[in-house]
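Shown next, in structure tokens, is the structure this report addresses.
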Amino acid sequence: MGVIRWILGRIILVVEALTKPKPPKLNADQHQAMVAFSKQVTLYQFQACPFCVKVRQASRKLGLPLAAKDAKRDMAARRELEQGGGKIKVPCLRIQQGDKVQWMYESDDIIAYLNQATTPITQAD
Ligand SMILES: N[C@@H](CCC(=O)N[C@@H](CS)C(=O)NCC(=O)O)C(=O)O
């Protein structure tokens, strides 16, 4: 079972590498705004989780440098996720706005949030 899971994980990572979306052409201001926004968000993930791959691909498509923590191997990150979000389930996006911290589960919700939050950046000229 472990071997099959490992092989499936490798396949997922190969498919991710082969289907990486091209980053958008952002001007310097847009790039700077994307970097500033990226400081508010951290992805808690498992490297070979297909739902996490979906989120990583969406962030690449936006040109968003999304910092990620591995909640499988990094025990400190795992604890942060469990204590902050309430459960070990990935992907989970930690969103920090000022003092307010929100933990968002569900890949579709995370992608919708990232798309919506970066729309003012991608649509600015
Ligand atoms: N519907 C969720 C599915 C996420 C999911 O099933 N993640 C798995 C890893 S691929 C997980 O965290 N499993 C641990 C658990 O459910 O306890 C999404 O789209 O984000």
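Things to note:
- Taking every DSSP bridge with both residues inside region 18-125, close to 70 percent are antiparallel.
- Computed from label points 7 Å out along Cα-Cβ, the spacing between Leu13 and Gln32 is 3.7 nm.
- Fewest-first ordering of Leu43, Leu93 by other beta carbons within 10 Å of each residue's beta carbon gives Leu43, Leu93.
- Summary value for the chain: 27 percent relative contact order, contacts being C-alpha pairs under 8 angstrom separated by 6+ residues.
- Extension gain, Asn115 back to Met75 (0.36 nm per residue minus Cα-Cα distance, nm): 11.4 nm
- Evaluated with a Cβ-only charge set (Lys, Arg +1; Asp, Glu -1), the chain carries a dipole of roughly 460 debye about its Cα centre, given to the nearest 20.
- Under 5 Å from the amide H of Ala48 lies no amide H of any residue 5 or more positions distant or on a separate chain, with H modelled from the backbone and absent for Pro and chain starts.
- Whole-Å distance, taken between Cα centres, linking region 94-108 and region 17-49: 16 Å
- Exposure proxy shown here: for Cys49, Cys92, the number of other Cβ atoms within 10 Å sets the order, fewest to most, as Cys49, Cys92.
- For the chain, the list of Cys residues with no other Cys C-beta under 4.7 Å reads Cys92.
- Ala68 long-range amide H proximity, modeled H, under 5 Å: Leu43
- Radius 14 Å from Cβ of Ala48, net charge of other residues (Lys, Arg +1; Asp, Glu -1): +4
- Fewest neighbouring Cβ atoms within 10 Å first, the residues Val101, Val41 line up as Val101, Val41.
All of the numbers you see were taken from the coordinates with simple rules; none came from a lab. Computed from a predicted model, the values in this text were never measured in an experiment. When we count neighbours, we look across all protein chains shown, and the Cβ atoms used for this are built from the backbone with ideal geometry, even at glycine.
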